[in-house]
Amino acid sequence: MAILVLYATVEGHSRKIAEHVAADLETRGHMVVLGDLREPGFAVPGRFDGIVLCAPIHIGRYPDPVIHFATDWKDALNSVPNAFVSVSLAIASESEEEREHARAYPLGLEKKTGYRPQFVHHAAGALKYLEYDFFKRMMLRHISAKEGGPVDTSRDHELTDWDALDRFVADFSDLVVRTEDAEPSAI
Ligand SMILES: Cc1cc2nc3c(=O)[nH]c(=O)nc-3n(C[C@H](O)[C@H](O)[C@H](O)COP(=O)(O)O)c2cc1C
């Protein structure tokens, strides 16, 4: 099957997650096109058997290009098996309330854009303390401390559960294949 994997990223981690998803789908026999949804010229979403979007939460929201893309392409996205990977720190929080908050972000995106992902996977993101400027480092350290996360700013921290991501990709791959098998023949 042909699957489109698109990502938005600010610090690079959602791209890494999208690359992982794309590589995993390829090992499962799919033909995959991977791209940044902010760059023009990628393949038209309507021509694929399945679509995966990966996007991070920054200051309580998905980046604007995600909102614009989901609004513009909602019909194509909703018409094929599709999945959304929401990347955040709050999903790894010690606080159930914070995790609940993180789980609600995709619903907010749906209300805003009309894009209704069939599958949602929540992936914990990364703390790139070594790449942040001073203020960002202090802000993220503060947030992380509040959530019971890593506070050692002398190194970066990747909180993503890659095995859970692989299980999500396996389920999505099955959905795409099942949907294609159920389609009536063109003849
Ligand atoms: C400036 C900044 C603001 C962030 N705000 C939030 C937030 O409001 N909620 C949250 O759960 N994670 C937040 N995060 C964590 C990001 O979702 C996490 O670092 C993710 O890996 C970033 O993905 P990206 O590298 O693709 O941009 C923030 C990160 C940064 C750097």
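The values are calculated or read from the model by the stated rules, or taken from the named source; none is laboratory data. Small disclaimer: the values here were computed from a predicted structure and weren't measured. In this analysis, Cβ positions are derived from the backbone assuming ideal geometry, glycine residues included, and neighbour counts consider all displayed protein chains. Ligands, DNA and RNA are excluded from the accessible area calculation, which covers all protein heavy atoms including side chains. Shrake-Rupley method; radii C 1.70, N 1.55, O 1.52, S 1.80 Å.
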Could you please tell me which pairs satisfy a Cβ distance under 6 Å, a separation of 6+ or placement on different chains, a first residue in segment 78-103 that is without any contact (Cβ under 8 Å) to a residue 24 or more places away in the chain, and a second residue that is among the hydroxyl-bearing types (Ser, Thr, Tyr) and open to solvent by less than 10 Å² (accessible area, probe 1.4 Å)?
ARG99/SER93
Scanning for something among the hydroxyl-bearing types (Ser, Thr, Tyr) and in contact with a Ser or Thr (Cβ under 8 Å, 6 or more places away or on another chain), does segment 2-16 turn up at least one residue?
yes
Could you figure out which of (1) of a type outside the set (D, E, K, R); (2) more than 25 Å from GLY114 (Cα to Cα); (3) not in a loop (DSSP other than H, G, I, E, B) isn't true of GLY29?
(3)
Residue pairs within 9 Å by beta carbon, gap of at least six or interchain, first lying in segment 52-70 and under 14 Å from ALA83 (Cα atoms) and in contact (Cβ under 8 Å) with a residue 12 or more places away in the chain, second of a type in the set (D, E, K, R) and within 11 Å of the ligand (Cβ to nearest atom), listed first then second, are CYS54/ARG15
Report whether or not LEU37 is buried (at least 20 other Cβ atoms within 10 Å of the Cβ) and within 25 Å of GLU183 (Cα to Cα).
no
Do you know which residues across segment 44-68 are open to solvent by less than 10 Å² (accessible area, probe 1.4 Å), within 16 Å of the ligand (Cβ to nearest atom) and part of a helix (DSSP H, G or I)?
VAL66
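Quick check on segment 8-26. Is at least one of its residues assigned to a strand (DSSP E or B) and touching a strand residue (DSSP E or B) at 6+ places or on another chain (Cβ under 6 Å)? If you could, list the steps in order and put the result at the bottom.
Of segment 8-26, the ones assigned to a strand (DSSP E or B) are none.
Among the residues of segment 8-26, not one is assigned to a strand (DSSP E or B) and touching a strand residue (DSSP E or B) at 6+ places or on another chain (Cβ under 6 Å), which makes the answer no.
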Failed item in (1) of a type in the set (A, V, I, L, M); (2) within 16 Å of the ligand (Cβ to nearest atom); (3) assigned to a strand (DSSP E or B); (4) open to solvent by less than 10 Å² (accessible area, probe 1.4 Å), with LEU4 passing the rest:
(2)
